[in-house]
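In what follows, a structure is listed as structure tokens, so that the remarks can point back to it.
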Amino acid sequence: MSIITVLSDDEARRLVDPLLRERLKEFGYRGVVVSSEEDFDGDMVLRLTVDVDRQVSGRAMLDVGGEIWGALLDRGDARFALLTYRRPDPASGVGMSAVNPGSNDG
């Protein structure tokens with residue numbers, strides 16, 4: 001029988017930050033904001049907003065998503081991790097803009 005754990009947002013950030021830093025360094029990884037949210041079905045999920053300098057490849061998105069889920073499961077946290085990537089907004093010269101993983105922008 002396994003024990004179900006829900007990590008705090010800060011614990012989850014400390015868990016995933018080194019993994020993201022290593023896997024996304026070629027995309028200019030800047031940091032991650034972690035928050036617990038309820039999805040459309042009412043289940044708790046972990047929202048990871050990842051700040052990067054350059055467009056993250058689809059392959060890297062898939063790989064890091066799987067690794068994060070595995071790391072969470074290893075700690076007993078079975079929540080699904082939803083990743084959103086943000087890049088600096090070139091139009092304003094400041095701030096970040098969200099990148100839709102399904103878009104063709106880069």
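Laboratory data are not the source of any read-out in this text; all were calculated from the coordinates shown. The structure presented is a predicted model; accordingly, all values stated were derived computationally and were not measured. With ideal geometry, Cβ positions are generated from the backbone for all residues, glycine too; neighbour counts draw on all protein chains shown.
Taking +1 at the Cβ of each Lys and Arg and -1 at the Cβ of each Asp and Glu, which of VAL50, ILE68, SER35 sits farthest along the dipole of region 13-87 towards its positive end, judged by Cα position relative to the Cα centre?
Working it through, the farthest residue towards the positive pole turns out to be VAL50.
Using the Karplus curve 6.51 cos²θ - 1.76 cosθ + 1.60 with θ = phi - 60°, work out ³J(HN,Hα) for each residue of region 25-32 in order, rounded to whole Hz, and write x for Gly and Pro.
Calculated HN-Hα couplings, in order: 4, 5, 9, x, 3, 10, x, 9 Hz.
Students often check this: by mean Cβ neighbours within 10 Å, which of 65-71, 81-87 ranks highest, and how do the rest follow?
Peptide ranking by packing, descending: 81-87, 65-71.
Around ARG75, what is the net charge, scoring Lys/Arg as +1 and Asp/Glu as -1 over all other residues with Cβ under 11 Å from its Cβ?
Within the 11 Å Cβ shell, the charges total -1.
Compute the FRET efficiency between ASP41 and VAL6 as 1/(1 + (r/R0)^6), taking r as their Cβ-Cβ distance and R0 = 22 Å, and round to the nearest 0.05.
Once the sixth-power term is evaluated, E becomes 0.85.
Convex hull volume of the Cα atoms in region 13-87, per residue, in Å³?
Cα convex hull per residue, to the nearest whole number: 84 Å³.
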